[in-house]
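Undergrad: Starting off with a structure, shown below.
The values are calculated or read from the model by the stated rules, or taken from the named source; none is laboratory data. Every value quoted in this text rests on a predicted model; they were computed, and no experiment measured them. Positions of Cβ are backbone-derived with ideal geometry, glycine not excepted, and every protein chain shown enters the neighbour counts. Protein only, heavy atoms only, side chains kept; ligands, DNA and RNA dropped before computing areas. Shrake-Rupley method; radii C 1.70, N 1.55, O 1.52, S 1.80 Å.
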Amino acid sequence: MNPTPVNLLEFDVDGLVAWFAAQGEKPFRARQVMRWLHREGCTDFDAMTDVAKALRARLAEQACVRPPQPISDRISADGTRKWLLDVGAGNAVETVFIPEATRGTLCVSSQAGCALDCAFCSTGKQGFNRNLSAAEIIGQLWLANRLLGGGADGERVVSNVVMMGMGEPLTNLDNVITALRLMLDDHAYGLSRRRVTVSTAGIVPAMDRLREECPVALAVSLHAPNDALRDRLVPINLKYPLAKLLAACRRYLDRAPRDFVTFEYVMLDGVNDSDGHARELVAIAGEVPCKFNLIPFNPFPGAPFSRSPASRIRRFAGALAEAGIVATTRKTRGDDVDAACGQLAGRVKDRSRRTIRLAEMETKS
Ligand code: SAH
């Protein structure tokens, strides 16, 4: 009988064309529906007025459009906006919109939790729950466009996407690539490859696959200039040490839409922020065309680090600049709503656990 309806947000254009073909429908129909879904943010098949009535009725039976549901929506004093999205089973992920004068950047999550356990990251501390589906990933952009008032008139508030929310995008590559293709597709969001950035802690084989299948701008979470320190801060370094990572960066660049890799570098007081560390980084920059993005550490409860003082960060950036390396310091945005880098923790899970514990205590007593 009627199977579970298919969520059409799961498909990129090729996927939707194939699904339509299986129903005996022409590719142009799929593209038409794709525009309704992603450009107009339409969830009601009946409202897709240029789609044949019979097809609309069939879609209503077999398919659905189901973006993730926001549980909370908070706006920081600096205009940064953060949504907590329900992804089922008591889990939630976060999406952050960062408005600036010349662009609007959406920071998108790829997993509920994260398995990599970087020492300074609060998402890592909660462990790994599951990969987000393609619909849950692209659904964050779908929702942001809708809630920010973009869509119908073609005017888009989100001009840039960074895969820098919760999770390691390159360990959920199939779903991430489907979502990236939608971000780039003119029938969907039509963003330029240069304005879509994937950030990775350095999953080398997946960097090569991304390069082959959907090269977009690349950011790499470096955070340390040598293996001994990086092993400690970013444990995936034990598997893919710096020499392998830097070689993968070089390979990536011959297909990348930009001619440099962005190295993210969290500034941890007394840990990775000395003049000596800056000198070691200069040597790395000689191997890979790059820019540095210094991120002042954002503390979270129980974090074993503190933020480097502003004067130290300035001196560190200065040392890189003297060697001819562009180094910007990331402005901390949205920290009053816990939206800053490394603070995205999808709080609901903890709360619901506590609720369950309380409920259990009540039933026992
Ligand atoms: N897993 C991917 C995507 C996360 S992006 C990656 O590692 O690149 C989020 C960025 O914020 C990464 O560079 C991450 O290392 C950094 N980050 C994590 N915790 C942080 C914290 N507490 N303060 C500042 N930056 C942090």
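Undergrad: Could you check region 115-137 and list, in sequence order, the residues that are open to solvent by 20 Å² or more (accessible area, probe 1.4 Å), free of Cβ contacts under 8 Å to residues at least 60 places away in the same chain and either polar (S, T, N, Q) or within 11 Å of the ligand (Cβ to nearest atom) (or both)?
TA: Ala115, Asn131
Undergrad: Continuing with this model, one more query. Could you list, in sequence order, the residues of region 58-108 that are at pLDDT 95 or above, among the small types (Gly, Ala, Ser) and more than 20 Å from the chain's Cα centre (by Cα)?
TA: Ala60, Ala63
Undergrad: Here's a follow-up. Being within 27 Å of Glu136 (Cβ to Cβ) and within 14 Å of the ligand (Cβ to nearest atom): is that true of Ser192 here?
TA: no
Undergrad: Yes or no: Pro257 assigned by TED's automatic domain parsing to the domain that holds Val326 and within 12 Å of the ligand (Cβ to nearest atom)? Even if it seems obvious, please write down each step before you answer.
TA: Details: assigned by TED's automatic domain parsing to the domain that holds Val326: yes; within 12 Å of the ligand (Cβ to nearest atom): no.
Criteria not met by Pro257.
Undergrad: Report yes if some residue within region 149-170 is surrounded by fewer than 16 Cβ atoms within 10 Å (Cβ to Cβ), in contact (Cβ under 8 Å) with a residue 60 or more places away in the chain and part of a helix (DSSP H, G or I); otherwise report no.
TA: No; the residues of region 149-170 include none that is surrounded by fewer than 16 Cβ atoms within 10 Å (Cβ to Cβ), in contact (Cβ under 8 Å) with a residue 60 or more places away in the chain and part of a helix (DSSP H, G or I).
Undergrad: Quick one: Arg312 ticks every box in (1) at pLDDT 95 or above; (2) basic (Lys, Arg); (3) over 30 Å from Pro99 (Cβ atoms) except a single one, so which number is it?
TA: Condition not satisfied by Arg312: (3).
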